[in-house]
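Read the structure below first, then the notes.
The values are calculated or read from the model by the stated rules, or taken from the named source; none is laboratory data. No experiment lies behind these values; they were computed from the predicted model shown. Note: ideal-geometry Cβ built from the backbone for every residue, glycine included; neighbour counts use all protein chains shown. Only protein heavy atoms, including side chains, enter the accessible area calculation; ligands, DNA and RNA are left aside. Shrake-Rupley method; radii C 1.70, N 1.55, O 1.52, S 1.80 Å.
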Amino acid sequence: MFQTFVHRFIYRPLPIAPLVTFRILFGGLMMIGALRFIQKGWIERLYGEPRFFFKYYGFEWVQTLDVPGMYAVYSLIALSAAGIMLGFVYRWSVLLFFLSFSYAELTDAANYLNHYYLVILLAFLLFFIPANRRFSLDTRLRPSLALTHVPAWTICLLQFQLGVVYFFAGFAKLNPDWLFRAMPLAVWLPEKAGIPVIGPLLALPAAAIVFSWFGAIYDLTIPFWLSIKKTRIWAYGAVVVFHVLTKLLFNIGLFPFIMIFNTLIFFPANTHHRWLKWIGYHPGEPNITEPTTYNLQPTTTPILLALYIAIQVLIPLRFLCYPGNVLWTEEGYRFAWRVMLVEKNGYATFYVSDPATGRRTEVINSRFLTPFQEKQMAIQPDFILQYAHFLARHYREREGIKQPVVTVDSYVALNGRPSERFIDPDVNLADELDGLGAKEWVLRY
């Protein structure tokens, strides 16, 4: 009986219109984002200026291309995103977008943003979701591909993914700094006091508390309100207001637009029919196909869906496996939807010693890192370790020190508190290895 229920829930036919809207908006926004990245000159700044690039654990082998090569990558991102939007050679467009966008983000971990990670996940899901089977160039060229209905899992999985982002963003806010000290909003909001109309309100001490509690409640509950018919329109209004406000107050790129556009997937098909009608969409006569046409066998799909759901739930919770405050150690911090939770500043002074001569040299970080990279490195332990290994290689190969000892004098201030020592200054970081375990040389907060 349970298997029958699951099968019916996963494969019950739903109109394809929500996927059409999602495909068009996602592809269009990603195309604009890539072109904007090129137009702003960010490729030169992020890929041309640095001499050293930070890597994600396990992806140290990913090498960064030169500036012309990265222009080609971002052109490929824009072109493949256009293919997604238009539904043209859709599966190849999605695959090309997924690979090129993922590559661009893997070249330097210092550029990590939550919404870049979300884009990669959505692109991965779209590869398996037939969002091109109506109102696309593919169906124009091959009418036999056209469908009016798709299995429910193709829509519900996207809803789940967006719900995970919101829920865990709210879950991460359930900490004393956010709820009781209103940090970091107590630091950020008064800086926006010059904004017309709402600026004076942001300067009030109570504003940070109100915004903090509203943000936590909003993130934790908005997926559920969007899923209920009676509250959906009001919930979506809250989505628009919330993300427009965050866009006005903070420089967070395309993230507000990604969430405003993509959460339309929660609306029923008849709503999408009305919207899409303005650009020539017609629902057509019902045409329901068997689930086996989606490259996944009916017996396999529930298992794969359960596996994906489990991964998306467990990854944000992995911080529980590490000792100490995750906001301080950042062990389990990335890929966990911890959005705008910390105001963290620090500095790291590195020393390279030659055991043979006893000579100790202070490193000038600006020789090797851009100001942005140095700022990111000083507050993230894995970046500190990677940079120490880079310095060890540099002084071994360029300065002739056979066994360089690399230590760091590092202090960090978290959410308005006084600076405290961050890394054990007596540890030779050149001998330490990165890994998934707790970093013992990080001083616990």
Once ligands and nucleic acids are excluded and a 1.4 Å probe is used, how much of S366 is accessible, expressed in Å² to the nearest 10?
80
Computed lengthening from R45 to K375, 0.36 nm per intervening residue step minus Cα-Cα distance:
117.3 nm
Of R318, R181, which has the most accessible area and how do the rest follow, probe 1.4 Å?
R181, R318
With a ≥ b ≥ c taken as the square roots of the eigenvalues of the C-alpha gyration tensor of segment 326-445, please select rounded if a/c is under 1.5 and otherwise prolate if a/b is larger than b/c or oblate if it is not?
prolate
How far is helix 67-86 tilted off the main Cα axis of the chain, in degrees rounded to 10, range 0 to 90?
20
Furthest towards positive pole of dipole, P50, Q63, A81, structure part segment 46-111, Cβ charges
A81
Quick one: dipole size for segment 316-372, taken about the Cα centre, charges +1 on Lys/Arg Cβ and -1 on Asp/Glu Cβ, in debye to the nearest 20.
80
Whenever you get a sec, line up D66, D426, D108, D434 from highest to lowest accessible area (probe 1.4 Å, protein heavy atoms).
D426, D66, D434, D108
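When the dipole is taken about the Cα centre of segment 176-240, and only Lys, Arg (+1) and Asp, Glu (-1) are charged at their Cβ, what size is it in debye, to the nearest 20?
320
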For a quick check of understanding: with a 1.4 angstrom probe and all protein chains in place, what accessible area in square angstrom does F224 have, to the nearest ten?
120
Helix axis angle, 2-11 relative to the chain longest principal axis, alpha carbon, degrees:
80
Column: log10 I(q)/I(0), Debye, Cα scatterers of segment 360-407, q = 0.17, 0.21 Å⁻¹:
-0.49, -0.73
Theoretical gain in end-to-end length, R36 to V210 [0.36 nm per residue, Cα-Cα removed]:
59.2 nm
Of L429, V119, W278, which is farthest towards the positive pole of the chain's charge dipole, taken about the Cα centre with +1 and -1 on the beta-carbons of Lys, Arg and Asp, Glu respectively?
W278
Most fluctuating residue given options F390, F127, F180, as computed from a GNM of the chain linking Cα atoms under 10 Å
F180
Could you state the orientation-averaged shadow area of the convex hull built on the Cα atoms of segment 95-252, in nm² to one decimal?
12.6
Send over the semi-axes of the chain's equivalent ellipsoid, whole angstrom and largest first, taken as the square roots of 5 times the C-alpha gyration tensor eigenvalues.
43, 27, 21
Listed residue (H149, Y411, I258) projecting farthest to the positive dipole end of the chain, Cβ model
H149
Tell me, in nm to one decimal, what length is gained between I303 and A203 on full extension, where the rule is 0.36 nm per residue of separation less the Cα-Cα distance?
30.9 nm
Based on Cβ point charges of +1 for Lys and Arg and -1 for Asp and Glu, what charge dipole magnitude is obtained for the chain about its Cα centre, in debye rounded to the nearest 20?
1580
Cα long-axis angle, helix 90-106 against the chain (0 to 90 degrees, to the nearest 10):
10
Helix-only estimate, please: 222 nm mean residue ellipticity of the chain, summing -39500 (n - 2.57) across DSSP H runs of length 4 or more and dividing by its residues, to the nearest 500.
-16000 deg cm²/dmol
Compute the Kirkwood hydrodynamic radius of segment 64-130, taking the inverse of the mean of 1/r over all pairs of distinct Cα atoms, and give it in Å to one decimal.
12.2
For H115 the rounded accessible area (nearest 10 Å², probe 1.4 Å, non-protein molecules ignored) is 20
Sorted list, accessible surface of protein heavy atoms, 1.4 Å probe, largest first, for R359, R367, R417 is R359, R367, R417
